[in-house]
Amino acid sequence: MKQQINNAQPSTSSYRDSLKSMDTEEHIDLAFYRPIGYMWACLAKKLGVTPNAITIASIFLGIGAGVMFYFNDLWLNVIGMLLLIWANSFDSADGQLARMTKQYSRIGRILDGLSGDFWFATIYVAICLRTNVTSEFFSQHHWVIWVTAVVTGICHAKQAAMADYYRQFHLYFLKGEDGSELESAADLKSKLAELSWKHNFW
C-alpha cells in the first residue's frame, strides 16, 4: 500500500513542476487548460515532439478557429470554438513541456508570444468581415468596425503584455532568474548590437 502511494506522488509532483507557479496561474487554467495541457505535454514527451512544434500547431489551430468565425453558420462557429479551445490547450502544453524537459529557447519564447497575436488578428479580421456582410449599418459604414477592431486590438495587446510582464516580475522574485523570462534591457541591447541584418536577419 505504501509503495502504491509513493508511486502516485511523482505524477502529482510532475504536474505541479510543469506549472509556472500556483500564484501566477489563472483559475480557468488550473481548472481546465493546465490538466489538458499536461496530458498533451506527456504525450509529446513520449513521442519526442518539441515545445516549438506544439506552438506552431497552436498557431494553425487558432487561425483555423478565426476563419470559422467568419461564417454565419452556428455549426461552423462551434467548430471554431472547439479549435480555439484546442489551440489554448496547446498553448498551455508547449510551456509545460518546456518546463518538464528543460527545452528553453529564444525562438520558442518569440513563437509563444506571437501565437496568440496570430489567433486574435485572424479572429478580429474574420468578425469585421462578417459584420460588414451581415449588418446593415456596418455594410454602409465599413470603416466603423475596422476602427473599433484596431482600437480594441491595441488595448488587448497592451493588456496582455502588461499581464505577462507582471507575471514574469512575480516569478523573478519567487524563483529567481531561472524561473522567470525577464531579461536585462542592457544585456538585450548589447546582444542586439552584436547582430547584423545581413547575417542574423531572423
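For the stretch 42-94, which residues satisfy the criterion of being in a loop (DSSP other than H, G, I, E, B) and over 18 Å from the mean Cα position of the chain (by Cα)?
The initial filter retains those residues of the stretch 42-94 that are in a loop (DSSP other than H, G, I, E, B), namely 48-50, 69-73.
Listed by number, the residues that qualify are G48, F69, Y70, F71, N72, D73.
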> If L43 passes every condition in (1) out of contact with any helix residue (DSSP H, G or I) (no Cβ under 8 Å at 6 or more places or on another chain); (2) in contact (Cβ under 8 Å) with a residue 24 or more places away in the chain but one, which one does it miss?
Replying inline: (2)
>> Between I107, I85, which is within 27 Å of T152 (Cβ to Cβ) and either of a type in the set (A, V, I, L, M, F, W, C) or surrounded by fewer than 21 Cβ atoms within 10 Å (Cβ to Cβ) (or both)?
In response: I85
> Among the residues of the stretch 12-40, which ones are free of Cβ contacts under 8 Å to residues at least 40 places away in the same chain and buried (at least 16 other Cβ atoms within 10 Å of the Cβ)?
Replying inline: Y15, E25
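Table: residues versus (1) farther than 19 Å from V67 by Cα; (2) in contact with a strand residue (DSSP E or B) (Cβ under 7 Å, 6 or more places away or on another chain); (3) exposed (fewer than 12 other Cβ atoms within 10 Å of the Cβ); (4) without any contact (Cβ under 8 Å) to a residue 60 or more places away in the chain.
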{"position": "V125", "(1), (2), (3), (4)": "no, no, no, yes"}
{"position": "R130", "(1), (2), (3), (4)": "no, no, no, no"}
{"position": "V144", "(1), (2), (3), (4)": "yes, no, no, yes"}
{"position": "K158", "(1), (2), (3), (4)": "yes, no, yes, yes"}
{"position": "F169", "(1), (2), (3), (4)": "yes, no, no, yes"}
{"position": "K175", "(1), (2), (3), (4)": "yes, no, no, no"}
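Based on what the data block shows, is S18 of a type in the set (S, T, N, Q) and at pLDDT below 95? Lay out the reasoning, then the answer.
Working: of a type in the set (S, T, N, Q): yes; at pLDDT below 95: yes.
Yes.
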> Of all the residues that make up the stretch 46-74, how many are more than 15 Å from D112 (Cβ to Cβ) and in contact with a Ser or Thr (Cβ under 6 Å, 6 or more places away or on another chain)?
Replying inline: 3
> Of the residues D23, D29, which single one is assigned to a loop (DSSP other than H, G, I, E, B) and either more than 15 Å from the chain's Cα centre (by Cα) or among the charged types (D, E, K, R) (or both)?
Replying inline: D23
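The values are calculated or read from the model by the stated rules, or taken from the named source; none is laboratory data. All figures in this text were calculated on a predicted structure; none of them were measured in a lab. Virtual Cβ from ideal backbone geometry, glycine too; neighbours counted across all protein chains shown.
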